1. If you take the square roots of the eigenvalues of the alpha-carbon gyration tensor of region 2-100 and sort them as a ≥ b ≥ c, do you get rounded (a/c under 1.5), prolate (a/b over b/c) or oblate?
2. Sorting V244, V173, V238, V209 on the 10 Å Cβ count, fewest up front, what's the list?
3. Once label points are set 7 Å from the Cα along Cα→Cβ at both A3 and T119, what is their separation, rounded to one decimal in nm?
4. Taking the Cα centre of region 2-100 as origin, work out the dipole magnitude from +1 charges on Lys and Arg Cβ and -1 charges on Asp and Glu Cβ, in debye rounded to 20.
Amino acid sequence: ERAVTIALATAIQESGLRNIEHGDRDSLGLFQQRPSQGWGTEEQIMDPTYSAGIFYAHLAKVPDYAGLPLTVAAQKVQRSGFPEAYAKHEPDAELLAAALTGQAAATLTCDGRFDTRATATGPDAVRAALVRDFGRDALQETGAEVGGTPVPSPTPSPSVTATASGRTVNVPVPLGARRDASGRGEQQRGWQLAQWAVANSAVLHIQRVTYAGQVWTSDEGSWQPVRSDGAGGAERSVGVVRIVTGQ
């Protein structure tokens, strides 16, 4: 979580969390990384997954980065001319990191506007995005079909299993994430998945996300308790995240 906080504060300062195609000299992307300084090609740096990954790779080489002041840790990676500027973004970065890593429940919200430029939406797009962000075993289940496409058999010990029915993708939360009898570890993983879905709702045209008795809808834009008159036990379960798409 500390690494995520450092990365978010850095990207907020460098680009305002926008994947921009310009910057000082040849700086590009979320972290304003420079091809001429060995950060990768222009195409690689403009891929948010790559740019975040290489930031974390450099951060991991900083001794005791988690124990350092955020400005110091970020500066050892970025070598900015204004390292003190990262500090003012630490509170916002901590809040975002807590939500995106599942430490904080039902906190990440979205105004629910769909991105009309999105080229891939619906259950298949959700499945593909889950694989992109959580790994190739993120949703594999033997014999399952999504959009008429059979899902292949999983490799050993899949981390998450997803099935779909119509516009709904059900993503079970792995029991292996549980840390204690309270299930807090399991719920952290569940909230990580649920709030990932909210964060991607605009581009994937996600209308509804339900987990652990809480529901987010594109109409409301915020998390609300599941209404007792319209929800089954699955929507109160900590064992499955339910994602409903707009098509």
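1. Working: a/c = 1.56, a/b = 1.43, b/c = 1.09.
Since a/c reaches 1.5 and a/b is larger than b/c, the shape of region 2-100 is classed as prolate.
2. Working: V244 20, V173 29, V238 17, V209 25.
The most exposed by this proxy come first: V238, V244, V209, V173.
3. Distance between the two pseudo-spin positions: 3.0 nm.
4. Working: 8 positive and 12 negative charges, 52 e Å.
Dipole size: approximately 260 debye.
Values in this text are rule-based calculations from the coordinates and carry no lab data. Not measured: the values here are computed from a predicted model. Cβ: placed from backbone, ideal geometry, glycine included. Neighbour counts: every protein chain shown.
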